[in-house]
There are 2 protein chains.
Amino acid sequence: MRVLRSAGRMAVVARRWHQQGQRVGVVPTMGALHEGHLSLIRYAAAHNDVVIVTIFVNPLQFGPHEDFARYPRRLPRDLQLARRAGADLVFAPSVQELYPRGFDTFVEIGALAERWEGRARPGHFRGVATIVTILFQLTRPTNAYVGQKDYQQARIIQQLVRDLHLPLRVHIRPTVREADGLAMSSRNIYLTAVQRRQAASIPRALTQARAHIRTGERRASLVLRHMRRLLGAAVPGARIDYLAIVHAKTLVPQSRLRGRVAILVAVRMGRTRLIDNLLVDVP
Amino acid sequence: MRVLRSAGRMAVVARRWHQQGQRVGVVPTMGALHEGHLSLIRYAAAHNDVVIVTIFVNPLQFGPHEDFARYPRRLPRDLQLARRAGADLVFAPSVQELYPRGFDTFVEIGALAERWEGRARPGHFRGVATIVTILFQLTRPTNAYVGQKDYQQARIIQQLVRDLHLPLRVHIRPTVREADGLAMSSRNIYLTAVQRRQAASIPRALTQARAHIRTGERRASLVLRHMRRLLGAAVPGARIDYLAIVHAKTLVPQSRLRGRVAILVAVRMGRTRLIDNLLVDVP
């Protein structure tokens, strides 16, 4: 497995692969790899000729009071894990390499980026859209793989790929969960033991909401009220950032449920912010 | 010469050329081709294996009170001119083709886009940066050619290509001028006969300013005062939008001239707005 730090070298290798007609799968990550990432890498390896994993903690997508500085960085371990999962190349550039002095170009998404995480984290999706555009230029994927856990982010990447006519397909792959249902996230390590136990109520609330819908409830307000009660009881100190049932494509809230919907939740536990979601096809 | 309307077909052709290792030259235009465009096409044909001319009057770069509706459209004539100048393919998509329903992604440039044309035409450079990014994705150029007449636009395209790591080089080619010095522009046809004669004072003011600098003047304020007087006398009804001597890379105004500078001018004559510039290497 090759490891590249230089954007120029990455572009040269990607160009060669591209001209050889290789199907290139890319898994963009911020490192601190967990089973969620590894399942994306394994899936990419099964469906492409070569797999590139990018590891870059992107300062542009962190707010001034967020966890950029303390975000976990464990490159040697990540390289081992990526290699074992089937990566052919890891691209791990420095901040200086991707954002040299004078960098001043940004990719912005409209309506899809304004709600939910976009409201809670101003500038976040502009950072995501910008870095993903850059990484796709440098790596020239045939396919890119992203986790459903960050569902709004995944939709935004699909939107920008469509709108800017980037020549690749973006695949949203299912969230990988711990035994108790908690969605895997590099931020789970911030949780205290007590918070970690309480956090399992988030996926529990989601699956109960799904069951609630599947057994016939079509009023979003009632499903959400039930979820809010459950979360409030399970996590006394929790602050629910948002809780919503939305159209799966547009992320616009629905009051009367129909078609494919996403149940979205964001909860703050102490200094840590957890997000999760489930997709439900309303019968 | 092929003519394509479909973004999907354009992408397929560009992909094939790219994989064959062809050097692809792209000349992005809004049509109404004149000798300025044709000189870019001829130059591109001399330095690439294939040449694509894009013709697209981009609604996103026009303000609500600008001339989008009346901007000259003359496709049959443009196709003939492009073919004779050496184009292998003209890509002339509809608005619907590049901005389908739900389109909501934008490329934004920072400081470089805030001054001069950016101030006079809010949103203009966002429209330019977005369409150019899309056109470069669809056509995959090795080289792109733009005219110096729209100097700020040319610098913005260079900045976004650098920042987003688009795999191509942007070449700024000299402005082509009429016999009396007026920079060729598709908007020159808006001028009345009187305005057309007066407009020649714009390049005259620029060349006098350059001579002024070359003979030793280093104070921008004095050079500009001289230019303003000349323009005021030659074009009684003219409104000078801006007149500036700036750093050729950053477009920041200079008071004491040194290095490479650009003299920028924008003038309104009736409903028509003309821009021009000269680059000067201060000895």
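None of the figures in this text is laboratory data; all of them are computed from the coordinates on show. Model, not experiment: these values are computed from the prediction. Every residue, glycine as well, gets a Cβ built from its backbone with ideal geometry; the counts of neighbours run over all protein chains shown.
What are the distances, in nm and sorted shortest first, from the label point of residue B:19 to the label points of the same position in each other copy, with each label point placed 7 Å from Cα along the Cα-to-Cβ direction? Nearest first, the other copies' label points are 1.5 nm away.
Measure nothing fancy, just the Cα-based angle from helix A:151-163's long axis to the longest principal axis of chain A, in degrees from 0 to 90, nearest 10. So the inclination is approximately 50 degrees. What are the distances, in nm and sorted shortest first, from the label point of residue A:6 to the label points of the same position in each other copy, with each label point placed 7 Å from Cα along the Cα-to-Cβ direction? Listed shortest first, these distances are 4.2 nm. A simple charge model with +1 on the Cβ of Lys and Arg, -1 on the Cβ of Asp and Glu and nothing else charged puts the dipole of chain B at about 500 debye relative to its Cα centre. Summarising the amide proton neighbourhood of residue B:140: residues at separation of 5 or more, or on other chains, whose placed amide H is nearer than 5 Å comprise an empty set.
Which of the lysines could a cross-linker bridge to residue B:249, judged by Cα under 16 Å and excluding same-chain residues fewer than eight apart? Reachable lysines: B:149.
Find, among the trypsin sites (Lys or Arg not before Pro) in the range A:187-228, those assigned to loop by DSSP (not H, G, I, E, B) with at most 15 other beta-carbon atoms within 10 angstrom. List each step's numbers first, then the result.
Numbers: sites: A:187, A:196, A:197, A:204, A:210, A:214, A:218, A:219, A:225, A:228; in loops: A:218.
Answer by residue number: A:218.
Rounded, prolate or oblate: which one fits the protein assembly as shown, using the alpha carbon gyration tensor with axes a ≥ b ≥ c (rounded when a/c is under 1.5, else prolate when a/b beats b/c, else oblate)? Provide the component values of the computation, followed by the final result.
Details: a/c = 2.11, a/b = 1.94, b/c = 1.08.
Here the protein assembly as shown falls in the prolate category.
In deg cm²/dmol, rounded to 500, what helix-only [θ] at 222 nm does chain B give when every DSSP H run of at least 4 residues adds -39500 (n - 2.57) and the total is split over its residues? Can you show the working numbers first?
Values: 10 runs with 110 residues, N = 283.
Per the formula, -12000 deg cm²/dmol.
For the range A:6-71, the list of trypsin sites (Lys or Arg not before Pro) that fall in a loop by DSSP and count at most 13 other C-beta atoms within 10 angstrom reads A:70. Remark: the Cα gyration tensor places the range A:2-173 in the rounded category, a/c being less than 1.5. Loop-located trypsin sites (Lys or Arg not before Pro) across the range B:83-174 with a Cβ neighbour count of 14 or fewer within 10 Å are B:101, with loop assigned by DSSP. Here the simple spin-label model places points 7 Å from the Cα toward Cβ, and for residue B:162 and residue A:9 these points are separated by 2.4 nm. Compute the acute angle (0 to 90°) between the alpha-carbon long axis of helix B:201-214 and the principal axis of greatest extent of the alpha-carbon atoms of chain B; round to the nearest 10°. Roughly 70 degrees, rounded to the nearest 10.
Based on the Cβ-Cβ distance of residue B:171 and residue A:74, what FRET efficiency does E = 1/(1 + (r/R0)^6) give at R0 = 45 Å, to the nearest 0.05? Kindly include the intermediate steps, with their values, before the conclusion.
Values: r = 44 Å, r/R0 = 0.97.
So, using R0 = 45 Å, E works out to roughly 0.55.
Taking Cα atoms only, the orientation of helix A:7-19 departs from the longest principal axis of chain A by about 90 degrees.
Normalising by the residue count of the range A:2-173, find the relative contact order in percent from Cα pairs under 8 Å and 6+ residues apart. Walk me through the numbers on the way to the answer.
Details: 282 pairs, mean separation 49.8, N = 172.
29 percent.
Each of A:189, A:127, A:264 was scored by the projection of its Cα onto the charge dipole of chain A, and the greatest displacement toward the positive side belongs to A:264; charges sit on the C-beta of Lys, Arg, Asp and Glu.
In the assembly of identical copies, residue A:234 has its label point, taken 7 Å from Cα in the direction of the beta carbon, separated from the corresponding points by 7.6 nm (ascending, one decimal). Given a 10 angstrom Cα cut-off, can you work out which residue in B:154, B:69, B:113 is the most mobile in a GNM of chain B? In this elastic network of chain B, the residue with the biggest mean-square fluctuation among B:154, B:69, B:113 is B:69.
Annotation: the antiparallel percentage among DSSP beta bridges lying fully within the protein assembly as shown is about 55.
Can you classify the range A:156-283 as rounded, prolate or oblate using the Cα gyration tensor, where a ≥ b ≥ c are the square roots of its eigenvalues, rounded means a/c under 1.5, and otherwise it's prolate if a/b beats b/c and oblate if not? Don't skip to the end; give the middle numbers.
Values: a/c = 2.04, a/b = 1.21, b/c = 1.69.
Here the range A:156-283 falls in the oblate category.
Less than 5 angstrom separates the built amide H of residue B:177 from those of B:184, all sequence-distant by 5 or more or on a different chain.
Taking the number of other C-beta atoms within 10 Å as the exposure measure, put B:186, A:185 in order starting with the fewest. Each step should come with its number before you reach the end.
Numbers: B:186 19, A:185 24.
Taking fewest neighbouring Cβ atoms as first place, the list is B:186, A:185.
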